[in-house]
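Take a look at the structure below.
The values are calculated or read from the model by the stated rules, or taken from the named source; none is laboratory data. All values derive from a computational prediction rather than experimental measurement. Note that each Cβ is placed from the backbone with ideal geometry, even for glycine, and that neighbours are counted across all protein chains shown.
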Amino acid sequence: MKPLSWTALIALAAVAPPPEARPQASPRPVVIRGCSVLDVAAGKMLADRTVVLDGGKIRAVAAAGELVEPPPGATTIAAEGKFLIPGLIDAHVHLVHVLDTCKVTGDEVLPLFVAAGVTSVRDVGDEIVAETLVARFAEASPETAPRVFRCSPLIDRDPPFHRDIGFALTDVAAVPGFVDEMAAWGVTSLKIYVGTPREIGRAVIAEGHRRGLRVAGHLGAYAAQDAVADGIDVLEHIWSVFNFIIPPEEARRTDHRSTLDLDNPRARDLIAAIAEKRTFVDPTLVVFRNMILLNDQPAYSGHPDQALVPARLRRHWESYKARSNLRPETLAARRAEFGKYRQLTGILRRAGVPLLAGTDAPEPFVPPGLSMHQELELLVDSGLSPAEALRCATLHNASALGQADRLGTVERGKLADLVLLDANPLDSIAHTRAIAKVFRGGLVLDPGDLRKAVPKD
């Protein structure tokens, strides 16, 4: 693995002091009275609940009339008419890749996640030293940062597709040592990338599972049919399904991505296999809409969410747009192609495939934190109900991380990562933006204050 220079290591270390080197914010007990609480599994709101937070965990969720003894020194929040949901989890981010090209460090954008109600993120592939230092900073800064669950660099061919965050792994005999090294770094996931062949991918899955790690894949050389049969846990991006349901005769057509019959036998067989294996699929629709297909449309490249990220990042996005050379005459075909991705997402949901909610932030025009609300809207546009979309961003994402016993629902004993909303998100998924307060490990945080912690330049 390519080491960082001493200069880079010193700079990153300055960003991420070890937890014992700085004072840790300590949550005071909190009683949230009178709110409706989202039952994620049932997809309904439970009215008039009192929720007690203490020691960074949910200590009680009581119905009206149940006796609740407030902890000594507890702060009470009157929450009648408000709606409490689990903290959102972004299942697909990169806290080093892209940011490093803009001279932005991961710590600078972390408050944007929490301000948007995203209290945990799943980094799905970054340079391991830099990623670890950003994660260490987040662990020491719960008042401004989400929980960060780490992943290996992108396991790939030689040379890797992404040389900054890729790792060439081409010998099956080297896989156990690589997985041991990643486990020693504290990752929870391994990521297979586009150049990995089946023999390497299968070994990564087996070795990862032997050590209790989850394995995700942005697939290319390793066919989805094979990866699902081999036990991969997550297929990243809708392309990791779509690209493997195209019949060979269709692939010869220049317009096949916008006209593909999604009910062809190849599609039916793969979708059935994914559903049977309960393999997670993380569509990341927002990155396809904002970056690959429609970034020449002001509604997306000029979305108001973009204004809240550092100007260095916006300038990089604009330079990408200038280089993309999207032609106006291709817009109808691009819209049709994106329509196919949404349609496929709905088909997967109806087939019983567990979907995740991930964004690929901070890829171009995919703002950290804020893009989660755009992804939820796109999932609903693809045929999911608001309750189903929220389940993707909470319980499903927690399950994909192996964290469903700690995160993803509002239940006694779980971590106090919550979002208090002013409007019911089951009435409209857009109401996930109506954030009154965010609770991160029991700390009560104000979205406006968090946004102020993000550099303007």
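Computed quantities for the displayed model
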{"quantity": "Test: residue in region 30-42 that is of a type outside the set (A, V, I, L, M) and not in a strand (DSSP E or B)", "calculated": "no"}
{"quantity": "Conditions (1) touching a Phe, Trp or Tyr at 6+ places or on another chain (Cβ under 9 Å); (2) surrounded by fewer than 22 Cβ atoms within 10 Å (Cβ to Cβ); (3) outside any loop (DSSP other than H, G, I, E, B); number of the one not met by residue 403", "calculated": "(3)"}
{"quantity": "Count - residues of region 265-310 that are polar (S, T, N, Q), under 30 Å from residue 454 (Cα atoms), in contact (Cβ under 8 Å) with a residue 40 or more places away in the chain and not in a helix (DSSP H, G or I)", "calculated": "2"}
{"quantity": "Check on residue 415, touching a Lys or Arg at 6+ places or on another chain (Cβ under 6 Å) and without any contact (Cβ under 8 Å) to a residue 60 or more places away in the chain", "calculated": "no"}
{"quantity": "Filtered residues of region 47-57 (kept if over 23 Å from the mean Cα position of the chain (by Cα) and surrounded by 16 or more Cβ atoms within 10 Å (Cβ to Cβ))", "calculated": "49, 50, 51, 52, 53, 54"}
{"quantity": "Per-region count, region 184-219, residues surrounded by fewer than 19 Cβ atoms within 10 Å (Cβ to Cβ) and farther than 22 Å from residue 401 by Cβ", "calculated": "3"}
{"quantity": "Residue ID - surrounded by the fewest Cβ atoms within 10 Å (Cβ to Cβ), chosen from residues in region 311-355 that are free of Cβ contacts under 8 Å to residues at least 40 places away in the same chain and not in a helix (DSSP H, G or I)", "calculated": "325"}
{"quantity": "Residue match in region 213-228 (condition: more than 23 Å from residue 124 (Cα to Cα) and in contact (Cβ under 8 Å) with a residue 12 or more places away in the chain)", "calculated": "no"}
{"quantity": "Residues within region 238-264 that are over 16 Å from residue 155 (Cα atoms) and either touching a strand residue (DSSP E or B) at 6+ places or on another chain (Cβ under 7 Å) or part of a strand (DSSP E or B) (or both), tallied", "calculated": "1"}
{"quantity": "Test: residue in region 54-69 that is in contact with a strand residue (DSSP E or B) (Cβ under 7 Å, 6 or more places away or on another chain), over 18 Å from residue 365 (Cα atoms) and at pLDDT below 95", "calculated": "yes"}
{"quantity": "Some residue of region 156-174 being in a helix (DSSP H, G or I) and more than 18 Å from residue 232 (Cβ to Cβ)", "calculated": "yes"}
{"quantity": "Total residues in region 182-213, condition more than 24 Å from the chain's Cα centre (by Cα) and either part of a loop (DSSP other than H, G, I, E, B) or under 17 Å from residue 128 (Cα atoms) (or both)", "calculated": "1"}
{"quantity": "Test: residue 289 is basic (Lys, Arg) and crowded, with 21+ Cβ neighbours inside 10 Å", "calculated": "yes"}
{"quantity": "Pairs with Cβ under 6 Å, 6+ apart, first in region 95-106 and on the phi > 0 side of the Ramachandran plot, second buried (at least 22 other Cβ atoms within 10 Å of the Cβ) and β-branched (Val, Ile, Thr)", "calculated": "none"}
{"quantity": "Looking only at region 315-346, and only at residues there that are of a type in the set (A, V, I, L, M) and over 21 Å from the mean Cα position of the chain (by Cα), the one that is nearest to residue 102 (Cα to Cα)", "calculated": "322"}
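Conditions (1) over 29 Å from residue 372 (Cβ atoms); (2) modelled with pLDDT of 95 or more; (3) surrounded by 18 or more Cβ atoms within 10 Å (Cβ to Cβ); (4) not aromatic (Phe, Trp, Tyr), marked per residue:
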| residue | (1), (2), (3), (4) |
| --- | --- |
| 8 | yes, no, no, yes |
| 38 | no, yes, yes, yes |
| 42 | no, yes, no, yes |
| 86 | no, yes, yes, yes |
| 89 | no, yes, yes, yes |
| 99 | no, yes, yes, yes |
